[in-house]
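The values are calculated or read from the model by the stated rules, or taken from the named source; none is laboratory data. Computed from a prediction, not measured in an experiment: that's the story for all the values here. Neighbour counts run over all protein chains shown; Cβ positions are idealised from the backbone, glycine included. SASA here: full protein model, heavy atoms, side chains in, ligands and nucleic acids out. Shrake-Rupley method; radii C 1.70, N 1.55, O 1.52, S 1.80 Å.
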Amino acid sequence: MRNSSRSQVDPFIVMDVMEAARAAEAAGRHIIHMEVGQPGTPAPAGARRALADAMEGDALGYTVALGTPELRERIASLYKDWYSVDLDPARVVVTPGSSGAFILAFTALFDAGDKVGLGEPGYPSYRQILRALDLEPVGIPTSADNRLQPVPTDLPTGLAGLITASPANPSGTMLDHAHLEALISASHDMGASFISDEIYHGLQYEGRAVSALEVSDEVYVINSFSKYFSMTGWRVGWMVVPENHVRVVERLAQNMFICSPHASQVAALAAMDCHDELRANLDVYAKNRQLMIDGLPKAGFDKFAPPDGAFYIYADVSEHTDDSRAFAAEILEKAGVAVTPGLDFDPVRGHQTLRFSYARATEDIVEGLERLARFMADRRA
């Protein structure tokens, strides 16, 4: 049987790196994971307890497609707490991870062949999901001067939509209110829908993360329990849509997913009140971030914008290689450190960049930096 042309998407390279690291560990090697874009911590203890209790007395069957009312209400209250935004819970859609939200958003907003802009470097699955839906991703090269975030003058004509991320993956840089307002205004002026990826909100170190909902209600906002709430494998996220889009998205969600996992929704609701544990995780990331900012230059990786949020550093390694995939493989083989080639995030310029994640335990970050320094010293010798 033939495959569709829509199915011809590129691999998610970081997953290939993870598999190579797993194979090395299976062969008996100790690998430091700086490739993985996920917390090294489990879901909060309160979330796990809540699910254990629910499993004793609830069948945990289907929920309504938009998510349990309790979770939608609690998510809406987060916008009041974090951003001073009064949000109607009816506009909240609980999704199977942020990936499910992207599929719903792209399907609800765009027709086959539409062009959707995305900053590069950026999260690679935007591009691949768009292609699989017969949409045309339009890469927007960003500059170091703008901290690898798009600005209105970067936007090409003819876009049906624009997706931004703040804090961004892979750079960790953020959009302030004025910057975000300018991009939303420019998008609306050209008739383009605006999608704001905010899945790293809560993980910020320099300044405050601004939600697109502080600027406009005529946007799609996507978030997730994966990062700040440390629930990657639970596959539960959410998005906020304009009031007149709710029923459109609901119909799509009913048919595409039925609902997000009920068990994950129970855990997510409880996780939102585990403040002390989540703050402790953030303190670890903040410490790791400083170790990376100080330690990577000593190893020879000194060209990067210090991240405002998330848990990544995106480094220019052009003085060391013009093949980031081969360079990452060399680092894994000789240093025992898994890192992600920039080609995942920028298919044009990513052959000269690497992403380093600092989401794991502090002792792993310390050991990883020591290994990188030894490897680079040996490589220069």
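Looking across region 360-381, the residues that are under 27 Å from TYR228 (Cα atoms) and at pLDDT below 95 come down to ARG360, ALA361. Only residues that are surrounded by fewer than 23 Cβ atoms within 10 Å (Cβ to Cβ) and of a type in the set (Ser, Thr, Tyr): list them for region 87-111, please. The answer is SER99, THR107.
For region 354-368, which residues satisfy the criterion of being open to solvent by 20 Å² or more (accessible area, probe 1.4 Å) and either in contact with a Leu (Cβ under 8 Å, 6 or more places away or on another chain) or not in a helix (DSSP H, G or I) (or both)? Once the filter is applied, which keeps residues that are open to solvent by 20 Å² or more (accessible area, probe 1.4 Å) and either in contact with a Leu (Cβ under 8 Å, 6 or more places away or on another chain) or not in a helix (DSSP H, G or I) (or both), region 354-368 yields ARG360, ALA361, THR362, VAL366.
Let's see how each residue does on (1) crowded, with 17+ Cβ neighbours inside 10 Å; (2) closer than 30 Å to THR340 by Cα:
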position	(1), (2)
VAL14	yes, yes
GLU19	no, yes
PRO39	yes, yes
ARG48	no, no
ASP53	no, no
ALA65	yes, no
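What about ALA50, is it in a helix (DSSP H, G or I) and not basic (Lys, Arg)? Answer is yes for this residue. Taking residues in region 91-102 that are more than 12 Å from LEU71 (Cα to Cα), and partners anywhere that are among the basic types (Lys, Arg) and crowded, with 23+ Cβ neighbours inside 10 Å, not one pair has Cβ atoms closer than 8 Å while being at least 6 places apart or on different chains.
Evaluated against (1) open to solvent by less than 40 Å² (accessible area, probe 1.4 Å); (2) over 15 Å from PHE345 (Cα atoms), THR157 falls short on exactly one condition, (1). Among the residues of region 170-211, the one identified as in contact (Cβ under 8 Å) with a residue 40 or more places away in the chain, open to solvent by less than 40 Å² (accessible area, probe 1.4 Å) and either assigned to a helix (DSSP H, G or I) or of a type in the set (D, E, K, R) (or both) is ASP197.
Considering only residues in region 195-237 that are of a type in the set (Ser, Thr, Tyr) and under 12 Å from the mean Cα position of the chain (by Cα), the one that is modelled with the lowest pLDDT turns out to be THR232.
Each residue in region 269-302 was checked for being over 30 Å from ALA47 (Cβ atoms) and surrounded by fewer than 16 Cβ atoms within 10 Å (Cβ to Cβ), and 5 of them qualify. Within region 212-229, the residues that satisfy the criterion of being crowded, with 23+ Cβ neighbours inside 10 Å and polar (S, T, N, Q) are ASN223, SER224.
You will find that of ILE75, ILE103, the residue that is at pLDDT 95 or above, touching a helix residue (DSSP H, G or I) at 6+ places or on another chain (Cβ under 7 Å) and assigned to a helix (DSSP H, G or I) is ILE103 and no other.
Scoring ALA377 on the criteria (1) open to solvent by less than 60 Å² (accessible area, probe 1.4 Å); (2) closer than 16 Å to LEU291 by Cα leaves a single failure, condition (2).
In region 121-141, the qualifying residues are those that are in contact with a helix residue (DSSP H, G or I) (Cβ under 8 Å, 6 or more places away or on another chain) and within 14 Å of GLY342 (Cα to Cα), and the one that is surrounded by the fewest Cβ atoms within 10 Å (Cβ to Cβ) is PRO141. Residue count for region 11-45 under the criterion of being in contact (Cβ under 8 Å) with a residue 60 or more places away in the chain, more than 21 Å from SER226 (Cα to Cα) and either touching a Cys at 6+ places or on another chain (Cβ under 7 Å) or not aliphatic (A, V, I, L, M) (or both): the result is 2.
If you take the residues of region 334-353 that are touching a residue at least 40 places away in the same chain (Cβ under 8 Å) and open to solvent by 40 Å² or more (accessible area, probe 1.4 Å), which of them is farthest from the chain's Cα centre (by Cα)? My answer is LYS334.
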